[in-house]
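Colleague: Below is the structure I would like to discuss, written out as structure tokens.
The values are calculated or read from the model by the stated rules, or taken from the named source; none is laboratory data. Predicted, not measured: the structure shown is a model, and the values here were computed from it. Virtual Cβ from ideal backbone geometry, glycine too; neighbours counted across all protein chains shown.
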Number of protein chains: 2
Amino acid sequence: MTSRKIVCLTEGHSEPHAGKTAANVIRYRREEVVAMLDSTQVGKNSRDLFAVTTGEPVPVIANLDEAPSANTLLLGIAPPGGKIPASWRKIILQAIGRKMDVVSGLHDFLNNDAEFKQAATAAGVKLVDVRSNSEKSIARRKGLRPDCLRVHTVGHDCSIGKMVVSVEVTNGLKKKGWDAKFIATGQTGIMIEGDGLPIDCIVADFVSGAAEKMVLEHQHHQILLVEGQGSLVHPSYSGVTLSLLHGCAPQALILCYEIGRDTVTGVESVKIPPLAEIKKMFELMANIHQSCQVIGIAINSRRVDAAAAAAERARVKAEFGLPACDVLRDGPDELVDAVIAFHEQGGWHSP
Amino acid sequence: MTSRKIVCLTEGHSEPHAGKTAANVIRYRREEVVAMLDSTQVGKNSRDLFAVTTGEPVPVIANLDEAPSANTLLLGIAPPGGKIPASWRKIILQAIGRKMDVVSGLHDFLNNDAEFKQAATAAGVKLVDVRSNSEKSIARRKGLRPDCLRVHTVGHDCSIGKMVVSVEVTNGLKKKGWDAKFIATGQTGIMIEGDGLPIDCIVADFVSGAAEKMVLEHQHHQILLVEGQGSLVHPSYSGVTLSLLHGCAPQALILCYEIGRDTVTGVESVKIPPLAEIKKMFELMANIHQSCQVIGIAINSRRVDAAAAAAERARVKAEFGLPACDVLRDGPDELVDAVIAFHEQGGWHSP
């Protein structure tokens, strides 16, 4: 099988929030990415645009002709509602014409689009819709291994870095010799990990069943880091969050938040409650079926400087009496150690 | 348009829990039902099998030949997972052969079944999948009318009568001259009301958006009674429950429970917490975005006798200091009056 040579398409959307799919594929699959495509940002690179500092920066190109070796176009954005921007159609068709596969995590499936489908068939390329699924399992709470520690990242809003925290803590645990596995539940996580299920695109009745299925499949590992989605206080996505929480049945939570995020993304009329209330809500809902507690706090401090980030970190550690860090700014060690300490202290083994 | 003459298919499943779709179509659409089909229960009728006491009992037949005037076969069960029982295939094909339309509320769509589809096309009949939808709205919390009172039925488990309570209270309000509307969110409710959306069969990200959409569409009525689904404590369906709660943004809740229901339906290892805890959980989650309170309690007392039901009703009224009744045993008046009192007292008008 030919290895992937990816162009990340972010045309008009090359900033860290809108382009989080591209940013994280570049962060964790750097070796597969040859360029970013955004004709409005030519001359810049992934470091300038996304502040991704791992590996060599990825150059921005204006046209697919500039990346003749590329064999895959990856749609690099995650807009609410998951629609394909109208202006992207001709770029996608161009890529198909160049015999490139197209990978998408959007709710609008490429394979449901007659024009794309026809072009892809003619060119003999694949249209990969990462969110497409036909999951129909119901959560049964049977067969969960008591010796597998399930850690779940939850947060005060969507798009605050729960996936990044899950990946960084998983990698940190592996470096220290633990058998840990990242359980991807969103399109970007799936593109990075190569497996997982797109929780938010499953028929509602079967979301917790899908989360449970992933846990059952991978619980031979010592520790699972299950990527969270949305937030219990987000009026549009709270149900996805709760299905996932109850489906993966965690014994431990890492609570994620972003400094300066005061209102819910996409529903700016809704204020986000204080973090202490969010923590109580998650612990209440997580404890209905088994014992579960928040064991650490992940801070996303991308919008503030180092001094402000350090001050907030000290403040939040004092307020909650818990380990806390920004996994990108500070490294994940404090949270990795919190997971190990919780594992070793025991008492979490009940199903 | 020819009026429907329905045979309710419940073959092998003619009891109130499994056959709740049939029981409620008979309860609220009696004029359209000509027979129940269950060869294992011949000689009995809907009153014997479902304890539905409104209207004349519906006879049970063993074979479609016994209902020559029927033009619609309605699949009358709602099993977890929503699969069509294998033994029903030949009855469905027989109905299609007799030029009957087939109406189904199951997750397994008739229209996705090649054999059914081909037979229906040949016979020129309709296969109606009530749960089929392509909803893709995201909840935005915009445009909610402050003068429309949204009452939502919630409960301690699934299948405890939230739909029946919603319909009975709506009808009770109408009788007293109020402009009330039942908002159906499940397959049976949709079959009864003729509109609504199958909340549990919508892609997870869009469930709250679908609930919001129904509210926006019908908020010219004075009062909406939004049918609840599942329960916040049901590990398989809690996310559906929360999406619906946050999507329909109620100012008032009616808390439903069944006497003697101790464990979660389908996941019997999970104990249902005490009703007072359930009430706290719903009020906590409902109050994140606006003020909302439980204004009455609906008791399902079908498993106990009149004396035990009366004793429980007195007990629960004393415990919670709220109106409480079994809408089928006692009539819905106490809950209807609670809704009217809440409406008239005011203070709920904030969005």
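Colleague: Which of the numbered conditions does B:ALA51 fail, given that it passes all the others? Conditions: (1) crowded, with 16+ Cβ neighbours inside 10 Å; (2) farther than 30 Å from A:LYS136 by Cα; (3) within 23 Å of the chain's Cα centre (by Cα).
Modeller: B:ALA51 satisfies every listed condition except (1).
Colleague: How about the stretch A:73-187: which helices (runs of 4 or more DSSP H) wholly inside it have at least 1 residues that are under 18 Å from the mean Cα position of the chain (by Cα)?
Modeller: Numbers: elements: A:89-97, A:114-123, A:162-175.
Counting at least 1 such residues, we get A:162-175.
Colleague: Considering every residue within the stretch A:110-131, establish whether at least one is touching a residue at least 40 places away in the same chain (Cβ under 8 Å) and either buried (at least 20 other Cβ atoms within 10 Å of the Cβ) or farther than 30 Å from A:GLN290 by Cβ (or both).
Modeller: Filtering the stretch A:110-131 for residues touching a residue at least 40 places away in the same chain (Cβ under 8 Å) gives A:130-131.
Going one step further and asking which of them are either buried (at least 20 other Cβ atoms within 10 Å of the Cβ) or farther than 30 Å from A:GLN290 by Cβ (or both), we end up with A:130-131.
There is at least one residue in the stretch A:110-131 that is touching a residue at least 40 places away in the same chain (Cβ under 8 Å) and either buried (at least 20 other Cβ atoms within 10 Å of the Cβ) or farther than 30 Å from A:GLN290 by Cβ (or both).
Colleague: Does B:VAL215 satisfy being within 14 Å of chain A (Cβ to nearest Cβ) and either over 26 Å from B:CYS148 (Cα atoms) or assigned to a loop (DSSP other than H, G, I, E, B) (or both)?
Modeller: Working: within 14 Å of chain A (Cβ to nearest Cβ): yes; either over 26 Å from B:CYS148 (Cα atoms) or assigned to a loop (DSSP other than H, G, I, E, B) (or both): no.
It is false that B:VAL215 is within 14 Å of chain A (Cβ to nearest Cβ) and either over 26 Å from B:CYS148 (Cα atoms) or assigned to a loop (DSSP other than H, G, I, E, B) (or both).
Colleague: Among the residues that make up the stretch B:272-281, is at least one of them more than 14 Å from chain A (Cβ to nearest Cβ), surrounded by fewer than 17 Cβ atoms within 10 Å (Cβ to Cβ) and free of Cβ contacts under 8 Å to residues at least 40 places away in the same chain?
Modeller: no
Colleague: In this structure, does B:GLN94 turn out to be in contact with a Leu (Cβ under 9 Å, 6 or more places away or on another chain), without any contact (Cβ under 8 Å) to a residue 40 or more places away in the chain and either of a type in the set (S, T, N, Q) or under 30 Å from A:PRO79 (Cα atoms) (or both)?
Modeller: yes
Colleague: Right, next: Look at the stretch B:242-261 and say how many of its residues are closer than 19 Å to B:LYS280 by Cβ and in a loop (DSSP other than H, G, I, E, B).
Modeller: 3
Colleague: Here's something else I'd like to know. Among the listed residues B:GLY239, B:GLY228, which satisfies the condition of being closer than 24 Å to B:SER137 by Cα and part of a helix (DSSP H, G or I)? Steps first, please.
Modeller: Details: B:GLY228 fails: part of a helix (DSSP H, G or I).
Exactly one residue qualifies, and that residue is B:GLY239.
Colleague: Scanning for something within 24 Å of the chain's Cα centre (by Cα), more than 20 Å from B:GLU168 (Cβ to Cβ) and surrounded by fewer than 22 Cβ atoms within 10 Å (Cβ to Cβ), does the stretch B:252-261 turn up at least one residue?
Modeller: Yes, because at least one residue in the stretch B:252-261 is within 24 Å of the chain's Cα centre (by Cα), more than 20 Å from B:GLU168 (Cβ to Cβ) and surrounded by fewer than 22 Cβ atoms within 10 Å (Cβ to Cβ).
Colleague: Let me ask something additional. Can you tell me which residue among A:HIS234, A:HIS220 is away from chain B (no Cβ under 14 Å), on the phi < 0 side of the Ramachandran plot and in a loop (DSSP other than H, G, I, E, B)? Before the answer, list the steps.
Modeller: Working: A:HIS234 fails: away from chain B (no Cβ under 14 Å).
After applying the criteria, what remains is A:HIS220.
Colleague: Could you list, in sequence order, the residues of the stretch A:200-212 that are in a helix (DSSP H, G or I) and facing chain B (nearest Cβ under 7 Å)?
Modeller: Taking the stretch A:200-212 first, the residues in a helix (DSSP H, G or I) are A:200-201, A:204-212.
Those that are in a helix (DSSP H, G or I) and facing chain B (nearest Cβ under 7 Å): A:ASP200, A:CYS201, A:ALA204, A:ASP205, A:VAL207, A:SER208, A:GLY209.
Colleague: Going by the structure shown, is B:THR170 touching a residue at least 24 places away in the same chain (Cβ under 8 Å), within 13 Å of another protein chain (Cβ to nearest Cβ) and touching a strand residue (DSSP E or B) at 6+ places or on another chain (Cβ under 8 Å)? Outline the logic, then answer.
Modeller: Values: touching a residue at least 24 places away in the same chain (Cβ under 8 Å): yes; within 13 Å of another protein chain (Cβ to nearest Cβ): no; touching a strand residue (DSSP E or B) at 6+ places or on another chain (Cβ under 8 Å): yes.
Answer is no for this residue.
Colleague: With A:VAL25, A:VAL52, A:VAL103 as the choices, which residue is out of contact with any strand residue (DSSP E or B) (no Cβ under 9 Å at 6 or more places or on another chain), in the same structural domain as A:THR121 (by TED's automatic domain parsing) and under 26 Å from A:CYS158 (Cα atoms)? Talk me through it step by step, then tell me what you get.
Modeller: Numbers: A:VAL25 fails: out of contact with any strand residue (DSSP E or B) (no Cβ under 9 Å at 6 or more places or on another chain); A:VAL103 fails: out of contact with any strand residue (DSSP E or B) (no Cβ under 9 Å at 6 or more places or on another chain).
Residue meeting the stated conditions: A:VAL52.
Colleague: While we're here: Could you grab me the full set of residues in the stretch B:77-134 that are away from every other protein chain (no Cβ under 14 Å), polar (S, T, N, Q) and more than 24 Å from B:VAL33 (Cβ to Cβ)?
Modeller: Hits for the stretch B:77-134 are B:GLN118, B:THR121.
Colleague: In the stretch B:168-179, what residues are of a type in the set (A, V, I, L, M, F, W, C) and either buried (at least 24 other Cβ atoms within 10 Å of the Cβ) or on the phi > 0 side of the Ramachandran plot (or both)? Don't jump to the end; show me each part of the working.
Modeller: If we filter the stretch B:168-179 for residues that are of a type in the set (A, V, I, L, M, F, W, C), which is where we start, we get B:169, B:173, B:178.
Answer for the stretch B:168-179, where residues must be of a type in the set (A, V, I, L, M, F, W, C) and either buried (at least 24 other Cβ atoms within 10 Å of the Cβ) or on the phi > 0 side of the Ramachandran plot (or both): B:VAL169, B:LEU173.
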